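Here is the structure we will look at.
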Amino acid sequence: MSSGEGQLDVARVRGLFPGLSDGLVHADGPGGALVPESVVRAVSQAMRVPIAGRGGVFASSARAEQLVAGARSAVADLVGGAPGGVVLGPNMTTLTYAVARALAKHWRRGDEIVVSRLDHDANIRPWLQVADELGLVVRWAEVDIETGELPDWQYDELVTDRTRLVAVTAASSAIGTRPDVASIAERAHRVGALVVVDAAHAAPHAPLDVEELGADFLLLSAYKWCGPHVGALVAHPGLLEELWPDKLLPASERVPDRFETGAPPFELYAGVAASVDHLAALCLEATGTRRERLRTSMAAVSRYEEQLFTRLDGALRSMVHVQVLGDPAWTTPTLSFTVDRLRPRQAATELARSGVCAWDGDFYSRELFDAIGVNETGGAVRLGLMHYNTVEEVDRLVDAVAGLR
Ligand SMILES: Cc1ncc(COP(=O)(O)O)c(C=O)c1O
């Protein structure tokens, strides 16, 4: 089935989420999505049977191996990678620090890196800290404040033959923007630089393909796509072979295992696999392998969320007391806004009184919000839609924001 077909039956989808029974409008997805019952069940079932550590010769150890393999192959299917290139960890931030430290062993004073003002701090600070230690030159890709876009043409000048790394987000969890990562990656690869892509916010909203993006390292976080709190790093296994992270002496030297420190949360890995199965089954017309079903389902998710978002975005932009930050042409269903004469914390508190769950602050997009100039006044309020939100909920959001006058 082509990705052009298939629809989302949102009534059926909502029945999968026990958390929706509170009757609130959950517009806080970018900070962490709700979890379907299938994920809850997978985690609890994994804990009902004995699970030992990895590497033993008895059944409960074999079960642990299966849970690791199941999570790796699910994440690989989600992004079109190889299971042998999937590193699992506590969250995306921890994995970014691990890669940064491993790559730093290959860099010298005067080497250059490019980071972007659009990114979440998790794909900025680990690189800046390494740069500081080694004396690397840091170049910044800037955001067009009016549009909220990250123009790709600026990388023509930012990338030089001394560039070792370009770190860029596939989507901003603060203002939604989806930069043209493939075009940026192409510029980086021309000089042999590595490309690290933060796909934490993009993953729940559209089909992803690590090759199409041109990502040498793709960073993800399962709690953003309705899974448990587990992070993932996807790379070509051959590239991981070239890197030596800090590890304990007795821990495995194999790839990808050598990047995973300490005892893994096996039960959560069961939830990771179940969460990817959840995404793959969102569109009932989807057929074929899990990777094929994911492509069809995520394309249906993307179309569905776009419809809802167009309604939300249009309504908020027409309100005179509301300023939506940026106006990107290519976006995820996420926006941030400020309200005349109300601090974001006050606005979010009012929204909570109207039954809306919405975050306020900088959402760890500190650099972006400093550039826009909203941090002095408490940042912004963020609304993000997920595949379990409805058009009726969008109308409730619009009414609640209209009531902030
Ligand atoms: C775009 C983006 N990148 C990275 C992160 C950090 O992910 P984690 O909490 O798994 O470290 C987040 C979480 O808010 C995010 O939204």
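The values are calculated or read from the model by the stated rules, or taken from the named source; none is laboratory data. Every value quoted in this text rests on a predicted model; they were computed, and no experiment measured them. FYI the Cβ positions are ideal-geometry reconstructions off the backbone, even for glycines, and counts take in every protein chain you see.
Within segment 303-321, how many residues turn out to be more than 24 Å from TYR388 (Cα to Cα) and surrounded by 17 or more Cβ atoms within 10 Å (Cβ to Cβ)?
1
Hey, does segment 392-400 have a residue that's assigned by TED's automatic domain parsing to the domain that holds SER297 and assigned to a loop (DSSP other than H, G, I, E, B)?
No, the conditions are met nowhere in segment 392-400.
Being buried (at least 22 other Cβ atoms within 10 Å of the Cβ), among the β-branched types (Val, Ile, Thr) and either in contact with a strand residue (DSSP E or B) (Cβ under 6 Å, 6 or more places away or on another chain) or in contact (Cβ under 8 Å) with a residue 24 or more places away in the chain (or both) narrows it down to one residue among VAL255, VAL272, VAL324; which is it?
VAL272
Could we say that LEU34 is over 19 Å from ARG254 (Cα atoms), part of a helix (DSSP H, G or I), within 18 Å of the chain's Cα centre (by Cα) and within 16 Å of the ligand (Cβ to nearest atom) here?
no
Out of GLY19, GLY23, GLY89, report the one residue that is under 30 Å from CYS357 (Cβ atoms) and within 16 Å of the ligand (Cβ to nearest atom).
GLY89
Any idea which residue in segment 205-216 is surrounded by the fewest Cβ atoms within 10 Å (Cβ to Cβ), counting only those that are part of a loop (DSSP other than H, G, I, E, B) and within 16 Å of the ligand (Cβ to nearest atom)?
Filtering segment 205-216 for residues that are part of a loop (DSSP other than H, G, I, E, B) and within 16 Å of the ligand (Cβ to nearest atom), the one surrounded by the fewest Cβ atoms within 10 Å (Cβ to Cβ) comes out as ALA206.
Does segment 364-384 contain any residue that is crowded, with 17+ Cβ neighbours inside 10 Å, in contact with a Lys or Arg (Cβ under 8 Å, 6 or more places away or on another chain) and of a type in the set (Phe, Trp, Tyr)?
no
Residues checked against (1) of a type in the set (D, E, K, R); (2) in contact with a strand residue (DSSP E or B) (Cβ under 8 Å, 6 or more places away or on another chain):
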site	(1), (2)
VAL86	no, yes
ILE113	no, yes
ILE124	no, yes
GLU133	yes, no
ARG162	yes, yes
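Residues in segment 38-53 that are surrounded by fewer than 17 Cβ atoms within 10 Å (Cβ to Cβ) and either among the hydrophobic types (A, V, I, L, M, F, W, C) or over 15 Å from ALA274 (Cβ atoms) (or both): how many?
Going through segment 38-53 one residue at a time, the tally reaches 6.
Yes or no, residue by residue, for (1) within 14 Å of the ligand (Cβ to nearest atom); (2) surrounded by 23 or more Cβ atoms within 10 Å (Cβ to Cβ); (3) not assigned by TED's automatic domain parsing to the domain that holds LEU134:
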site	(1), (2), (3)
ASP152	no, no, no
THR177	yes, yes, no
ALA188	no, yes, no
VAL195	no, yes, no
ALA203	yes, yes, no
LEU219	yes, yes, no
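So ALA182 fits all but one of (1) assigned to a loop (DSSP other than H, G, I, E, B); (2) free of Cβ contacts under 8 Å to residues at least 60 places away in the same chain; (3) among the aliphatic types (A, V, I, L, M); what number is the exception?
Tallying (1) assigned to a loop (DSSP other than H, G, I, E, B); (2) free of Cβ contacts under 8 Å to residues at least 60 places away in the same chain; (3) among the aliphatic types (A, V, I, L, M), ALA182 fails exactly one: (1).
Under the condition of being in contact (Cβ under 8 Å) with a residue 24 or more places away in the chain and surrounded by 15 or more Cβ atoms within 10 Å (Cβ to Cβ), which residue from segment 241-252 is farthest from HIS229 (Cα to Cα)?
LEU243
Considering only residues that are within 24 Å of ASP119 (Cβ to Cβ) and either small (Gly, Ala, Ser) or surrounded by fewer than 21 Cβ atoms within 10 Å (Cβ to Cβ) (or both), which ones fall in segment 229-240?
If the condition is that a residue be within 24 Å of ASP119 (Cβ to Cβ) and either small (Gly, Ala, Ser) or surrounded by fewer than 21 Cβ atoms within 10 Å (Cβ to Cβ) (or both), then HIS229, GLY231, ALA232, ALA235, HIS236, LEU239 are the ones that fit.
In this structure, is ASP340 modelled with pLDDT of 95 or more and closer than 19 Å to ASP121 by Cα?
no
State all residues of segment 106-165 that are outside any loop (DSSP other than H, G, I, E, B), in contact (Cβ under 8 Å) with a residue 60 or more places away in the chain and touching an Asp or Glu at 6+ places or on another chain (Cβ under 6 Å); if no residue qualifies, say none.
Those that are outside any loop (DSSP other than H, G, I, E, B), in contact (Cβ under 8 Å) with a residue 60 or more places away in the chain and touching an Asp or Glu at 6+ places or on another chain (Cβ under 6 Å): ASN123, ARG164.
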